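The structure under discussion appears below in the form of structure tokens.
The values are calculated or read from the model by the stated rules, or taken from the named source; none is laboratory data. Please read all numbers here as calculations on a predicted model, not as lab measurements. Cβ placement follows ideal geometry from the backbone for every residue including glycine, while neighbour counts extend to all protein chains displayed.
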């Protein structure tokens, strides 16, 4: 008989913004955005007070200000966020060595065989939440279930400061009623495509043949077929190797003005750099992806001389790459930026040379 796993997903609540509100009493109870400013940039994180106005991470700062004129913009303090993240991971390690960080503010824990004499994953999650609050004065939400997919979705059900359990016998019914937009791994573009195919929730997805899912979604089709049935055998990996960090945007209207393209590239640079900082792993190679109105797609890459540790470096490299694109008419449908060649614990500092790919 296959052993039922006990997986916990811990997700800190509005992590960056909550730390700023914790450390600055004047910010408490007020709409706050970390990153950007009123004129330009991108929101890296938003407090729950700001979210009530429709402000979210990755939103252009000017849009956030338009939605909430009273919003407070603060500069990110990633060194502080990393220190707090290390505090939280120390708490996790008291319960299990099977710990897989996804970013500074979230992680999977496999407590099937925990270090403590607590048989219930739910009780362990409650204790972890209490310890996090006692030691950091921050709240976290927890999801508990039999695999990573279900635990990840569960942690988002009762935010902030929530706890939600999907029991083995409830897994299939939980998935069937779940809107497709709530599925981890399904973004706006994929959700729109699924709706066009008549797939609105987990039940619709489950009824769709695997061959057709593979036809429409490629390799991910197999994954969608599995998770619709509650199947996710991915282990909690304490040493995951992340290959790249990226962001891309498809625009409703083609971009035809070079200044507009530069502005959009700067927005993407802020988003990618924020995700890079959140991961805690700097990288060296920046890749620009550009898709035109006729769906022709070009990729250009440039490797920096040192680790990329500033948003302006991303912007400068991206600007160099975009100026290499010589195609007319200039009708851009999609822009994307990705950072690869990420630093690993054993990686040495790069040699002082530049390599264009």
In segment 158-185, which residue that is at negative phi and touching a residue at least 60 places away in the same chain (Cβ under 8 Å) is surrounded by the most Cβ atoms within 10 Å (Cβ to Cβ)? 159
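Quick grid of which residues meet (1) surrounded by 14 or more Cβ atoms within 10 Å (Cβ to Cβ); (2) out of contact with any strand residue (DSSP E or B) (no Cβ under 9 Å at 6 or more places or on another chain); (3) closer than 23 Å to residue 21 by Cα; (4) assigned by TED's automatic domain parsing to the domain that holds residue 6:
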| site | (1), (2), (3), (4) |
| --- | --- |
| 98 | yes, no, no, yes |
| 105 | yes, no, yes, yes |
| 110 | yes, no, no, yes |
| 119 | no, yes, no, yes |
| 125 | yes, no, no, yes |
Within segment 1-36, residues being surrounded by 14 or more Cβ atoms within 10 Å (Cβ to Cβ), more than 25 Å from residue 83 (Cβ to Cβ) and in contact with a helix residue (DSSP H, G or I) (Cβ under 7 Å, 6 or more places away or on another chain) number 3
Yes/no for residue 143 being buried (at least 22 other Cβ atoms within 10 Å of the Cβ) and in contact with a strand residue (DSSP E or B) (Cβ under 8 Å, 6 or more places away or on another chain): yes
Those residues of segment 100-128 which are over 30 Å from residue 246 (Cα atoms), touching a residue at least 60 places away in the same chain (Cβ under 8 Å) and not in a loop (DSSP other than H, G, I, E, B), in sequence order: 121, 124, 125, 128
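Could you check segment 228-243 and list, in sequence order, the residues that are within 16 Å of residue 153 (Cα to Cα) and surrounded by fewer than 12 Cβ atoms within 10 Å (Cβ to Cβ)?
Within segment 228-243, 233 is the sole residue that qualifies.
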So residue 155 ticks every box in (1) surrounded by 18 or more Cβ atoms within 10 Å (Cβ to Cβ); (2) touching a helix residue (DSSP H, G or I) at 6+ places or on another chain (Cβ under 8 Å) but one. Which box is left unticked? (2)
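Could you check segment 146-159 and list, in sequence order, the residues that are under 30 Å from residue 25 (Cβ atoms) and in contact with a strand residue (DSSP E or B) (Cβ under 6 Å, 6 or more places away or on another chain)? Lay out the reasoning, then the answer.
From segment 146-159, those under 30 Å from residue 25 (Cβ atoms) are 155-156, 158-159; that's our starting set.
Passing the criteria: 155, 158, 159.
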